[in-house]
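The values are calculated or read from the model by the stated rules, or taken from the named source; none is laboratory data. Not measured: the values here are computed from a predicted model. Note that we place each Cβ from the backbone using ideal geometry, even for glycine, and neighbour counts take in every protein chain shown.
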C-alpha cells in the first residue's frame, strides 16, 4: 500500500523529525478514506494525547474497528501501532526539549499571578521522583570512585550544566583533595586530557540537548582509561553507553527552564556520602582550610612574616574559639 507520508519519521540530523505526525495527518487528509479521515481528525483534535492511548481506545473514540486504526497507521508509513506511538513520543520529546517550545506550552498567556508555591512544589516532586528512582548500587559505585585518593577528580559540564560541575567541585574540595573543574572540550581543555591517568575520575554532566563536544571529551577520556561517572537525565546522554557509572535525574518539564534542581540535589547527596565515608579526613581538611583562611587574614597585613599553613604550627587562630561557619 502506498504511504501517505513520503518522508521518513526517523529523526534527522540534530535530533529533529523530517516530518511531524501532526503535519502529515493534516496534509494527507485528501488521500484518506472516509473512515481514515475520521481517525485523522480525531487524532488531530486530541493531539497528541489520543494517539498515546491504546488502539482500542482510539477505535472506540472514533467509532471504527481496531483493524481500521491499524491499517491507517500502516498507511502513514509505520510498521504498526507501537511504532506509531514511539514516533509520536519522540516527536513530543523533541518539541518539549527546546525553550521556545516550553514557552508555547507553559507560558501561552501573560499574567501576574504568583505561582511560587506551585513551582516549589513541582521542584520538590521532581526531586522526590529522582530520589525514588535513583539506582542505589550505581550511587554507591559513584561514591567508591569519588572517595578514592589514588587519583584526581575532574568535573565538567556543557552549556546548561557547567554550573553543576562548578558547584560539586567546590563542595568536594572541602572533603577531599585533588578536585578540579574543567571545560569538557578537546579544543579548550586538551591539557587536562594530557594529564589524566587511569587512576583519575571524570565526573561529567550532560542533559538534553546533549552536547557533542562534551560527549567527545568523555569518550577521549575513556580511551585514556579514565573512569567516567555520568550525571544525566532519564533519557540518558550518549556518554551512558561507555560510562562506568550513570546517575539519572528525573524531572518533567513545567516551564521555560529545564530544571536542574534534582541534579543539584544529587550533587549534594554525593558530597554528603563522601563525607560520611571518611568524616575524619573531611574534618582534618576543613580544619586546615579554616586555619589558613583565618590566620592568613592576620598575616596579610605583615608581609615580612611567613604565614603558617597548619594548626600544628603553634600559632593561635584569631577565631579559634568562635562558632563561625566558613564553608
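Quick look at the values:
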{"item": "Selection from segment 194-208 of residues that are over 21 Å from the mean Cα position of the chain (by Cα) and under 29 Å from residue 234 (Cβ atoms)", "result": "196, 200"}
{"item": "Every residue from segment 92-118 that is modelled with pLDDT under 75 and assigned to a helix (DSSP H, G or I)", "result": "92, 93, 94, 95, 99, 100, 101, 102, 103, 104, 105, 106"}
{"item": "Qualifying residues in segment 149-160 (those that are surrounded by 14 or more Cβ atoms within 10 Å (Cβ to Cβ) and modelled with pLDDT under 95) - the one nearest to residue 261 (Cα to Cα)", "result": "160"}
{"item": "Among (1) modelled with pLDDT of 85 or more; (2) touching a strand residue (DSSP E or B) at 6+ places or on another chain (Cβ under 9 Å) - the single one residue 18 does not satisfy", "result": "(1)"}
{"item": "Which numbered condition residue 26 fails, given (1) exposed (fewer than 15 other Cβ atoms within 10 Å of the Cβ); (2) modelled with pLDDT of 90 or more; (3) in a helix (DSSP H, G or I)", "result": "(2)"}
{"item": "Selected residue (only one of 220, 269, 263, 273 is buried (at least 24 other Cβ atoms within 10 Å of the Cβ) and either within 9 Å of the chain's Cα centre (by Cα) or in the same structural domain as residue 152 (by TED's automatic domain parsing) (or both))", "result": "263"}
{"item": "In segment 272-289, the residues that are touching a residue at least 40 places away in the same chain (Cβ under 8 Å) and under 14 Å from residue 142 (Cα atoms)", "result": "273, 274, 275, 277"}
{"item": "Residue count for segment 213-240, restricted to those that are within 14 Å of residue 156 (Cβ to Cβ) and in a helix (DSSP H, G or I)", "result": "11"}
{"item": "Considering residues of segment 164-178 that are touching a residue at least 60 places away in the same chain (Cβ under 8 Å) and touching a strand residue (DSSP E or B) at 6+ places or on another chain (Cβ under 8 Å) only, the residue nearest to residue 283 (Cα to Cα)", "result": "176"}
{"item": "Sole exception among (1) in contact with a strand residue (DSSP E or B) (Cβ under 9 Å, 6 or more places away or on another chain); (2) under 30 Å from residue 132 (Cβ atoms); (3) surrounded by fewer than 16 Cβ atoms within 10 Å (Cβ to Cβ); (4) without any contact (Cβ under 8 Å) to a residue 40 or more places away in the chain for residue 241, by number", "result": "(1)"}
{"item": "First in segment 180-198 and not assigned by TED's automatic domain parsing to the domain that holds residue 157 and at pLDDT 95 or above, second anywhere and exposed (fewer than 12 other Cβ atoms within 10 Å of the Cβ) and part of a helix (DSSP H, G or I), Cβ under 9 Å, 6 or more apart", "result": "none"}
{"item": "Criterion (assigned by TED's automatic domain parsing to the domain that holds residue 243 and touching a strand residue (DSSP E or B) at 6+ places or on another chain (Cβ under 8 Å)) met by exactly one of 153, 137", "result": "153"}
{"item": "When residues of segment 194-210 are limited to those that are assigned to a loop (DSSP other than H, G, I, E, B) and in contact with a strand residue (DSSP E or B) (Cβ under 9 Å, 6 or more places away or on another chain), the one surrounded by the most Cβ atoms within 10 Å (Cβ to Cβ)", "result": "207"}
{"item": "Per-region count, segment 31-70, residues surrounded by fewer than 16 Cβ atoms within 10 Å (Cβ to Cβ), part of a helix (DSSP H, G or I) and modelled with pLDDT under 90", "result": "2"}
